[in-house]
Amino acid sequence: MKKIVLILAAVAASLSLRAEEAAAPASSYSVTVDFPYATKYVFRGAQYAKQSLQPSVEVATGSFAFGIWTNQPITDNTDNEIDFYAGYGVQLNDAWKVDTGVCIYYYPELDTGGGADSTTWEPYVGVVGSVSGFSPGVYFYYDATLKVYTYQGQVGYSIALEPAGASLDFSAALGRVDPKSGSGYTYYSLGASVPFKISEKGTFTIGVNYTHNNIAGGDAYGKNGNFYGTAGITIGF
């Protein structure tokens, strides 16, 4: 039922925006609603769920951004996940900025009887920029509850597809997850996506991704490599 309500809400919002695309006064903040479907939920090189819906809402004003992201599994009984985050950007110059913030991971259906944490929080800091059409970045994360360090380097590149009102976006990332106690692992990811503008404020995006980890014995699904696709609608207002 929860997933059906989310689908109907996204469709209703899209239809409403199409009817209200007349010019409006500039606002001091923006709201972005994202409603993607993923054939797998993969995070930092490891699969956590099979087919999932991943709706999110973000509010941005000036250099601040606040949002909620959630993973709702469709095909198995994996616990739902809800993430709350807040970020702040500091512009260093025309090309580079510092991105810092915190994310709270909440698992409302997690069985905590064995001592597992249903909520963890993770501050982060990164530097991102724009160089000759590329968008490189380096991030450091620390889960203060689980005491896990994550380091990630990433880069993106976009090619405009003007006649189609779209673009071809490439992404790549290389990261390392290191718990304070226990074994860590290294992962990388490669992705390509095509966002199509479907209205003044709406975009439909389809993408493919591949990730790989060197976890001994694989992730929770016994895999070291994962190929998956995504498709969804993004609405900004």
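Distance from the Cα centroid of the stretch 88-132 to that of the stretch 149-182 is 15 Å (rounded to whole angstrom).
If only the Cβ of Lys and Arg carry +1 and only the Cβ of Asp and Glu carry -1, the dipole of the chain around its Cα centre is close to 320 debye.
Using the Cα coordinates of the stretch 34-93, the gyration tensor eigenvalues translate into equivalent-ellipsoid semi-axes of 28, 12, 9 Å, sorted from longest to shortest.
So what's the net charge close to residue 56: Lys and Arg +1, Asp and Glu -1, counting the other residues with Cβ under 12 Å from its Cβ?
-4
Build a GNM of the chain with springs between Cα atoms under 10 Å apart, and of 112, 211, 100 the one that fluctuates most is 112.
Taking 8 Å as the Cα distance limit and 6 or more residues as the minimum spacing, I'd like the relative contact order of the chain as a percentage.
Answer for the chain is 16 percent.
Among 46, 95, 86, the largest mean-square fluctuation in a Gaussian network model of the chain (Cα springs under 10 Å) belongs to 95. In the chain, the calculated helix contribution to ellipticity at 222 nm averages -2500 deg cm²/dmol per residue, counting -39,500 (n - 2.57) for every DSSP H run with n ≥ 4. Pairing the Cα long axis of helix 2-19 with the longest principal axis of the chain, what angle in degrees results, from 0 to 90 and rounded to the nearest 10? Once rounded, one gets 20 degrees.
FYI, it's all coordinate maths here, none of it is from the lab. Keep in mind the model is a prediction, meaning the values are calculated, not measured. Glycine also receives a Cβ, built like all others from the backbone with ideal geometry; neighbour counts cover every protein chain displayed.
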